[in-house]
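Just below is one structure, and these are the notes that go with it.
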2 protein chains.
Amino acid sequence: MMVSQSLEQGADTRRRILQAALSAFGHNDYDSVGIRRIVEAAGANIAAISYHFGGKKGLYLATAAYLAENLQAGMQQHLERIAAATAGGDPAQCRRMLSELVSRFAENLLTGALSDDAPGFIFREQNHPTDAFDILYEKLFRPMHETMAGLVACARSLPCDAEETRLVAHALLGPAIAFRAARTTMLRHLSRPVYTASDVARIKDLLALLTASALDYERRDAPPGEQP
Amino acid sequence: MMVSQSLEQGADTRRRILQAALSAFGHNDYDSVGIRRIVEAAGANIAAISYHFGGKKGLYLATAAYLAENLQAGMQQHLERIAAATAGGDPAQCRRMLSELVSRFAENLLTGALSDDAPGFIFREQNHPTDAFDILYEKLFRPMHETMAGLVACARSLPCDAEETRLVAHALLGPAIAFRAARTTMLRHLSRPVYTASDVARIKDLLALLTASALDYERRDAPPGEQP
DNA sequence: TCGATTAAGTCAAACGTTTGTTTTATACCT
DNA sequence: AGGTATAAAACAAACGTTTGACTTAATCGA
């Protein structure tokens, strides 16, 4: 246990501070969070922030990168699997995968390991973009959108980069976003303090159905039989 | 102009401060906004906040009430008209009104008079509810949700207070919310700095179609003819 | 292998600035 | 006179940052 104590001690402190910072910045605004509370929660010293991250702003950006990498790790496998399957080009399968992806996206937002800290960070960056937004966009939003757009394009026989494709892909993620971004409102509608496990299950199933049905927009007057 | 100068002067200062506070709290976090900047923008003195609102927290709550009243004023007419028509109980008409309401909701979020300031305020209260959330919920979220739930219940022949009804009503607002809450992301997807007028028009039309189509969830295998 | 040197990391203390709030004083109109 | 409103100044508290001393581990020359 004595080998390379100082070699890893710095990295450990860095990680503890990042974890504390993610929790703090996820639940409170940037200016509401004092670096004193962060280092206190991390069991470190105030000067550690200036030393390891160059200051509070540097810590914030490092936290964004830390968050992006952790979230990306939990999604990349699904996105890659879907991208591989999309190459086939079967619309029916793309519709199924779209429902599954939206459902899984909702689950990550509602019960994922980072579902407590990440949304607060992300939604703040949407309203008040800083340099952290670029990190989140490249590592999270863009890959997610590209995958969604690919599925929508396949399912609706549209060009991948068509404006309609992008709008639909974004809109289809809306319901899942709403259950997390407006969680407090939804919970008050349900007269409930938190989402229960069965709530999440019902939401997931409902979103899968709504997604599949919404994909048929502008086609409701078409013949009922399911053809490619 | 000389009558009751001091009687209205106080109210004027109050209103100017509220307007400046709404703009400030809508674009920046609570702790990022200094009361000195607010009174500077409002052309008032620092002590005016303590005098008129009892402090910064009192100003924030007053701003929430001010925002809620202004937003409510722009929606109540539509909600009342819809509520009156819903009493008829025609599912086909309810579906039409649902699409129209979602479309109008999106327009308010994207181009309304308060679309600059309000969303930032609202989304922050969703992530970090304070006493201001209760004000917003009672005056905005609950009436909107009740109307949506009523339309969904009528369109799908469900009880008004059924859990499914509430979930669907919330989910159907999701796409509109996504185009504003994740506006920065969507704009980057479109390689555009701001939504153009035609963007908003396309989004409105698309959301109306998606809403109508999504309402047919779990029924796609049913006979195509439209029956009550 | 020993002693000196360098670098990394942590720590308590103090820096100057800014925060929201309060106090004190001054006009203004009834 | 008396309440209303604004103004300037001062308040303690908290902010992010910096400083210099201290410990520890690794490196180097002899």
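The values are calculated or read from the model by the stated rules, or taken from the named source; none is laboratory data. Predicted model only: the values in this text are computed from it and were never measured. Methodologically, a virtual Cβ is constructed for each residue, glycine included, from the backbone with ideal geometry; neighbour enumeration extends over all protein chains shown.
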Margin query: Being at pLDDT 95 or above, part of a helix (DSSP H, G or I) and of a type in the set (A, V, I, L, M, F, W, C) is the filter here; which residues of segment B:7-40 pass it?
Written below: B:Ile17, B:Leu18, B:Ala20, B:Ala21, B:Leu22, B:Ala24, B:Phe25, B:Ile35, B:Ile38, B:Val39
Check: So, of the residues in segment A:8-40 that are of a type in the set (D, E, K, R) and within 14 Å of chain B (Cβ to nearest Cβ), which turns out to be farthest from DNA strand D (Cβ to nearest atom)?
Finding: A:Asp29
Check: What residue, of A:Ala11, A:Ala47, A:Ala20, A:Ala85, is without any contact (Cβ under 8 Å) to a residue 40 or more places away in the chain, of a type outside the set (Val, Ile, Thr) and surrounded by 19 or more Cβ atoms within 10 Å (Cβ to Cβ)?
Finding: A:Ala20
Check: Given the conditions (1) at pLDDT below 95; (2) in a helix (DSSP H, G or I), which single one is not true for A:Met1?
Finding: (2)
Check: Of (1) assigned to a helix (DSSP H, G or I); (2) under 25 Å from B:Ser103 (Cα atoms); (3) more than 9 Å from every other protein chain (Cβ to nearest Cβ); (4) of a type outside the set (Gly, Ala, Ser), A:Asp161 satisfies all except one. Which?
Finding: (1)
Note to self: Can you say whether A:His189 is out of contact with any Cys (no Cβ under 7 Å at 6 or more places or on another chain), within 24 Å of B:Leu209 (Cβ to Cβ) and modelled with pLDDT of 95 or more, as far as the supplied structure shows?
What the structure shows: no
Notebook entry, point to check: If you check A:Thr147 against the conditions, is it more than 12 Å from the chain's Cα centre (by Cα), of a type in the set (Ser, Thr, Tyr), more than 16 Å from DNA strand D (Cβ to nearest atom) and under 17 Å from B:Met186 (Cα atoms)?
Noted result: yes
Notebook entry, point to check: Which condition number in (1) within 14 Å of chain A (Cβ to nearest Cβ); (2) within 13 Å of DNA strand D (Cβ to nearest atom) is the one that B:Gly43 fails?
Noted result: (1)
Checklist line | Filter result for the condition that a residue is away from every other protein chain (no Cβ under 14 Å) and either surrounded by 14 or more Cβ atoms within 10 Å (Cβ to Cβ) or in a helix (DSSP H, G or I) (or both), over B:Leu98, B:Leu67, B:Leu109 | finding: B:Leu67
Note to self: B:Ser191 - would you say it is over 16 Å from the mean Cα position of the chain (by Cα) and in a loop (DSSP other than H, G, I, E, B)?
What the structure shows: yes
